[in-house]
Amino acid sequence: MKNKFNVFSLIFLLLPVAALTSCSPKKNGSASYEFTGIRRGTLERTVSSSGTINPVATVKVLPQMSGKVEKINVDYNDTVRKGEILAELNTDVLKLKRDQQSATVSKARANYELQQISYKNQQALAEKEFISEFELKTSKTNLDNQAADLAVAEANLKTIETEINQYAYIKSPIDGIVLDRRINIGDTVVDSSSSNSSSIFTIAENLREMQIEAGVGELDVASIHKGQQVRFTLESFPGRRFSGVVDNLRMVPVVSSNVVSYTVIINVENRDGSLMPGMTCAVDFIVERAEDVLMVSNAALRYQPTHLTAEQISEMVFNASLANMDDEQRDAAIGARAQSQEQSRQSQAQNSGNGITGLMMGQPNQVRMPGSSRQRQGARDSGQGRQVTPQIVMRNLWYINSDGKIGCLQVRTGISDGSSTEIISTEDFDGRQVILRERI
């Protein structure tokens, strides 16, 4: 029985040791890493969007008279000059109307001339007092009416002649390129004064200069300003990048599916004519750009050793942060950390005592968190009424030192393009190897 007791006692004593051994962290040498280098390069922070390419200015041509299309002189993509005849309307009916109106003018002129002679005779009789003043006034009124009729007839004739000589020939109002043609020979068009009228030609003023209409969400629109550089790509030209400049930001919001966006106009050059109206493109607004800066992969900044405990990581990060401080700051940080650790030990001891007492007395274990809920709420509220100065962002990089042990390097970070981040440091870390990830 004594031997059995000793065996069981030995097993009982070895169980905690075995448990501690199985739960202990892995040694540094047991982890295998993938490394990446800190390098120099160019970084850009961008705002991405999509847009449609359109001509800077387009003119829609509408007919100024109704009629049947007799001839079309231009087609799609034709270059036209201002005043060039685009199409002609049939004028046979107008020519008949002109002949008819010419006869009306002749008749009105004859009546006017006859009445003019009559009025002169009336004037002579009135001077000899052979007729009354009323008869003279009546004759003068008839003469004025004949003159008005003649003027109306001449104006109507001039209108018909204008339609025949000008309106029947649809001309280009600007120099440009025909983008759209919506008539064919034999079609009947309606003059622009009618509500049923529609454009028959669309002419772009210049395709060597285009513009992009891009939609930018309300969260990113604050980063857009006039004169900002823009880079865009098209699926029809893989591997090729185009550039442009922001011309203006339209303040009218566009709401679609409860998402608010704003239209940004971007001016682009199209000297080789490769950009065509209606093309869709992926747009990147360059918000920040840094050249010849230290940069590292974002995966390296996210890495954290899995074989170290939280206390070990905290200790190494704190020691790494001391390297970025002067002597006064370093002493203050060490003192504050020592005080915090002492308060933490006292709090743990107090919580442990309260827990044992609670178990013995049958009361629930209550742990007092540092700072009351009212104090924490007040701390949050205090930052809402004032402008908070942006803090310097410090990140951790892990590496293997000359002794083969893992070490921590704390660096200040700058702009990021989503895959790499700028490192701001007075030291030259170019080429230094840091841990990217752990191999499984």
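Computed from the coordinates by the stated procedures, all read-outs in this text should not be read as laboratory data. If you're wondering where the values come from, they're calculated on a predicted model, not measured in any experiment. Ideal geometry is used to build each Cβ from the backbone, glycine not excepted, and the neighbour counts take in all protein chains shown.
Values as computed for the structure displayed
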read-out	value
Evaluated over segment 211-349, the Cα radius of gyration and Dmax, each in Å	25.5, 78
Cβ-defined net charge surrounding T46, 13 Å radius [Lys, Arg +1; Asp, Glu -1]	-1
Value of relative contact order over segment 136-247, rounded to a whole percent, pairs C-alpha under 8 Å and six or more apart	16
Of Y167, L125, L157, farthest towards positive along the dipole that unit charges on Lys, Arg, Asp, Glu beta carbons give segment 91-167	Y167
Separation between Cα centres of segment 37-88 and segment 151-199, rounded to whole Å	23
Computed over segment 209-264, the ratio Rg/Rh where both radii use C-alpha atoms and Rh is Kirkwood	1.01
Residues T79, T58 arranged by fewest to most Cβ contacts within 10 Å	T79, T58
Only Lys, Arg (+1) and Asp, Glu (-1) charged, at Cβ; segment 91-167 dipole about Cα centre in debye	140
Loop-located GluC sites (Glu not before Pro) in segment 390-440 whose Cβ has at most 14 other Cβ within 10 Å (DSSP)	E427
Cα-based equivalent ellipsoid of segment 91-167: semi-axis lengths in Å, sorted from largest, via gyration tensor	37, 9, 7
Neighbourhood net charge (11 Å Cβ-Cβ; Lys/Arg +1, Asp/Glu -1) for L397	+3
Sum of side-chain charges, N270 neighbourhood, beta-carbon under 9 Å (Lys, Arg +1; Asp, Glu -1)	-1
Average projection area in nm² (convex hull over Cα atoms of segment 285-328, one quarter of hull surface)	5.8
